[in-house]
Amino acid sequence: MTDDVHSAGSEKSGAMNEIVEIVKTVVYALMIALFLRVIFFQPFTIPSASMEPTLLEGDYIIVSKYSYGYSKNSIPFSPPLFKGRIMERIPERGDVIVFKLPRDGHVDYIKRLIGLPGDRIQVIGGVLHINGKAIPRKPLAPVMVDSGYGFTRNVERFEETLPNGKRIITYDFGPDGDVDNTKVFVVPEGEYFFMGDNRDNSLDSRVAPEAGGVGYVPAENLVGKARIIMLSWNKGASLFKPWTWVLDARPSRFFHSLK
């Protein structure tokens, strides 16, 4: 009888030890994943057309967290552990950057960096001006794109060359949109000015926060630099419709490096 009781106790003890080991393994895996997410890389999905043609709705991108150093916004839920940035690196004009929306620190936005501290930014007739000089832009063949309202429309494309030589492709609906003629924005020290590549379909730094826009973005709000499009699906794809994982995939965009 004693042997039987001892055997049952041993089995229970062994089962408990196995459960403890499984829990420890899960906890370690979560800690490693959190460490990698905070220090190195974080995935994001693109929910809108504001960065077309560079990023399409349904793109799944990877952002490097170390590119500009670290702030509280590098950590999930942005706990107020410290102010400013540590190991700060200054971003380059033209970088595609994920940042926390200044008027709502729980919302992530992605736009292209256009204005550095001290820059004067203005749009005149749809043409971007930086520090009083029009940015050269070369017209490309127009394309038909989904308007988002059930019909397609013709959109002009331009290749712009920023002052540092970086070339980007932008969309333009015409020279008379709501943000095609702006005042001169003087970017404050320690802040940045962002625009979407889909110039007439982007609530960005040209639009005041009280009007639903971004306004200037403090350096502390930068999360990281968009590096690569890992995967991409059309709008119709759904996690709960496995066949769309293949039928609505855009394999030509898989593993596409971002400029």
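The values are calculated or read from the model by the stated rules, or taken from the named source; none is laboratory data. Keep in mind it's a predicted model, so treat the numbers as computed, not measured. Please note: Cβ atoms are built from the backbone with ideal geometry, for glycine as well, and neighbour counts cover all protein chains shown.
Please pick out the residue among Tyr60, Tyr68 that is assigned by TED's automatic domain parsing to the domain that holds Tyr192 and either in contact with an Asp or Glu (Cβ under 6 Å, 6 or more places away or on another chain) or surrounded by 20 or more Cβ atoms within 10 Å (Cβ to Cβ) (or both).
Answer to the selection: Tyr68.
Output the number of the condition that Gln122 fails; it satisfies all remaining conditions of (1) touching a His at 6+ places or on another chain (Cβ under 7 Å); (2) in a loop (DSSP other than H, G, I, E, B).
Result: Gln122 passes all but (2).
Out of Asp200, Asp180, which single residue is surrounded by 19 or more Cβ atoms within 10 Å (Cβ to Cβ), in a loop (DSSP other than H, G, I, E, B) and of a type in the set (Asp, Glu)?
Matching residue, one of Asp200, Asp180: Asp200.
Tally the residues that are among the basic types (Lys, Arg), outside any strand (DSSP E or B) and modelled with pLDDT of 90 or more, restricting the search to the stretch 225-259.
2
Yes or no: Glu160 part of a strand (DSSP E or B), touching a Leu at 6+ places or on another chain (Cβ under 8 Å), over 20 Å from Glu57 (Cβ atoms) and of a type outside the set (S, T, N, Q)?
Here the answer is yes, as Glu160 does meet what is asked.
Out of the residues in the stretch 222-242 that are basic (Lys, Arg) and surrounded by fewer than 17 Cβ atoms within 10 Å (Cβ to Cβ), which is nearest to the chain's Cα centre (by Cα)?
So, considering only residues that are basic (Lys, Arg) and surrounded by fewer than 17 Cβ atoms within 10 Å (Cβ to Cβ), the one nearest to the chain's Cα centre (by Cα) is Arg227.
Could you look through the stretch 136-162, keep only residues that are of a type in the set (Val, Ile, Thr) and surrounded by 17 or more Cβ atoms within 10 Å (Cβ to Cβ), and pick out the one that is nearest to the chain's Cα centre (by Cα)? It would help to see each step written out before you state the result.
Applying the first criterion (of a type in the set (Val, Ile, Thr)) to the stretch 136-162 yields 143, 145, 152, 155, 161.
In the following step, the residues that additionally are surrounded by 17 or more Cβ atoms within 10 Å (Cβ to Cβ) were identified as 145, 155.
Values: Val145: 22, Val155: 23 Å.
Out of the qualifying residues, it is Val145.
Looking at the stretch 1-31, which of its residues are modelled with pLDDT under 65 and in a helix (DSSP H, G or I)?
Once the filter is applied, which keeps residues that are modelled with pLDDT under 65 and in a helix (DSSP H, G or I), the stretch 1-31 yields Thr2, Asp3, Asp4, Val5, His6, Ser7, Ala8, Gly9, Ser10, Glu11, Lys12.
Say whether the condition of being farther than 30 Å from Val155 by Cα, among the hydroxyl-bearing types (Ser, Thr, Tyr) and in contact (Cβ under 8 Å) with a residue 60 or more places away in the chain is met by at least one residue in the stretch 74-86.
To start, the set of residues in the stretch 74-86 that are farther than 30 Å from Val155 by Cα comprises 74-86.
Next, from what is left, pick out any that are among the hydroxyl-bearing types (Ser, Thr, Tyr): 74, 78.
Filter once more, so that each one left must be in contact (Cβ under 8 Å) with a residue 60 or more places away in the chain: 74.
Yes, the conditions are met somewhere in the stretch 74-86.
Do we find a residue being touching a Ser or Thr at 6+ places or on another chain (Cβ under 8 Å), under 17 Å from Val223 (Cα atoms), at pLDDT below 95 and surrounded by fewer than 18 Cβ atoms within 10 Å (Cβ to Cβ) anywhere in the stretch 40-57?
Looking for residues that are touching a Ser or Thr at 6+ places or on another chain (Cβ under 8 Å), under 17 Å from Val223 (Cα atoms), at pLDDT below 95 and surrounded by fewer than 18 Cβ atoms within 10 Å (Cβ to Cβ), one finds at least one in the stretch 40-57, hence yes.
Out of Asn234, Asn221, report the one residue that is more than 25 Å from Arg89 (Cβ to Cβ) and of a type outside the set (D, E, K, R).
The conditions single out Asn234.
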